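Nothing in this text is a laboratory measurement; each read-out follows from the coordinates by a stated rule. Computed from a prediction, not measured in an experiment: that's the story for all the values here. Ideal geometry is used to build each Cβ from the backbone, glycine not excepted, and the neighbour counts take in all protein chains shown.
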Amino acid sequence: MQIEVFGKDDCIKCDEAKNLLNKLREEESLKGKVQFRYFDMESVDGMAEGAFNDVLKIPTILINDQDKNIARWDGNVPQASEISTYLQ
């Protein structure tokens with residue numbers, strides 16, 4: 001399973017999304033089970049990955065399982081508990 005966050009450095013909501021990602025990364029129950037990735041939409045790699053995933057708003061958070069998108073949030077940051085329901 002993989003959680004991807006797309007954002008920019010000067011975006012307040014993106015900072016919230018990065019903090020959420022870091023909080024989830026620290027959870028013992030997720031270690032080794034979930035891969036976490038952050039894409040800076042101001043970098044070439046971030047823009048390319050964002051285009052591939054149809055990212056039009058930031059932050060965008062995607063949860064993928066076996067290369068299949070199972071959850072997506074565009075332009076807002078969900079609660080950790082909302083994300084956790086997809087990680088069980």
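A few notes on this one:
- Residues considered: Gly50, Gly32, Gly75. Largest GNM mean-square fluctuation over the chain, using C-alpha springs under 10 Å, is found at Gly32.
- Each residue of segment 35-44 was assigned a 3J(HN,Hα) from its phi angle through the Karplus curve 6.51 cos²θ - 1.76 cosθ + 1.60 (θ = phi - 60°); the sequence is 9, 10, 9, 10, 10, 7, 6, 9, 9, 4 Hz, with glycine and proline shown as x.
- Candidate cross-link partners of Lys13 among the aspartates and glutamates, defined by an alpha-carbon separation under 14 Å and a same-chain spacing of 8 or more, comprise Asp40, Asp74.
- Gain on full stretching of the segment that runs from Met1 to Thr85 - 0.36 nm per residue minus C-alpha separation: 28.9 nm
- Among Glu42, Glu28, Glu16, the largest mean-square fluctuation in a Gaussian network model of the chain, built with springs joining Cα atoms closer than 10 Å, belongs to Glu28.
- Along segment 14-24 the Karplus relation, 6.51 cos²θ - 1.76 cosθ + 1.60 evaluated at θ = phi - 60°, assigns HN-Hα couplings of 5, 4, 4, 5, 5, 5, 4, 4, 5, 5, 5 Hz to successive residues, with x for each Gly and Pro.
- 9 Å beta-carbon shell around Ile58, net charge (K/R +1, D/E -1): +2
- Projected label distance in nm at Leu30 and Ile70, using a 7 Å step from Cα toward the beta-carbon: 1.3
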